[in-house]
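The values are calculated or read from the model by the stated rules, or taken from the named source; none is laboratory data. What you are looking at is a predicted structure, and each value in this text was computed from that prediction instead of being measured. All Cβ positions, even for glycine, are placed from backbone atoms using ideal geometry, and neighbour counts span all protein chains on display.
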């Protein structure tokens, strides 16, 4: 009889321990799907900048699907409107990079578009991707980089 009591106590203790362990196993990730949408847009747009080859776009997306389990670096998830504006901005930069590719008279436009694609968090439209989006130093940095 005492053996069965010990087993129940052990099982109960083990259950509590597992419950606390599982509760502690969280990534505390913010906006994982939003991260994926942005990174997928960057994978596609990066082709025109020579960063990703056309045949590597799907591999790039698979990589960021896993990387985005950590979410965005910003303190909170973007609104739907912020998310849409950021993704559209990256896509437009990709279009501009493609249009200006190998055009000598549009080299600056191409470089600017590729800069946006490589670091969208430095732009006001995607500022929510930064850790610090307060009106302090980070905002000043984004204005300086535009």
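With the requirement that a residue be in a helix (DSSP H, G or I) and under 15 Å from residue 98 (Cα atoms), what does the stretch 43-56 give you? The answer is 43, 44, 45, 46, 47, 48, 49, 54.
Determine if the stretch 113-134 includes at least one residue that is farther than 27 Å from residue 29 by Cα, modelled with pLDDT of 90 or more and crowded, with 16+ Cβ neighbours inside 10 Å. Yes: the stretch 113-134 contains one or more residues that are farther than 27 Å from residue 29 by Cα, modelled with pLDDT of 90 or more and crowded, with 16+ Cβ neighbours inside 10 Å. Filtering the stretch 96-109 to residues that are without any contact (Cβ under 8 Å) to a residue 24 or more places away in the chain and either surrounded by 14 or more Cβ atoms within 10 Å (Cβ to Cβ) or touching a helix residue (DSSP H, G or I) at 6+ places or on another chain (Cβ under 9 Å) (or both) leaves 96, 99, 100, 102, 103, 106, 107, 108, 109. Among the residues of the stretch 62-82, just one is part of a helix (DSSP H, G or I), more than 11 Å from the chain's Cα centre (by Cα) and either buried (at least 18 other Cβ atoms within 10 Å of the Cβ) or touching a residue at least 40 places away in the same chain (Cβ under 8 Å) (or both), namely 82.
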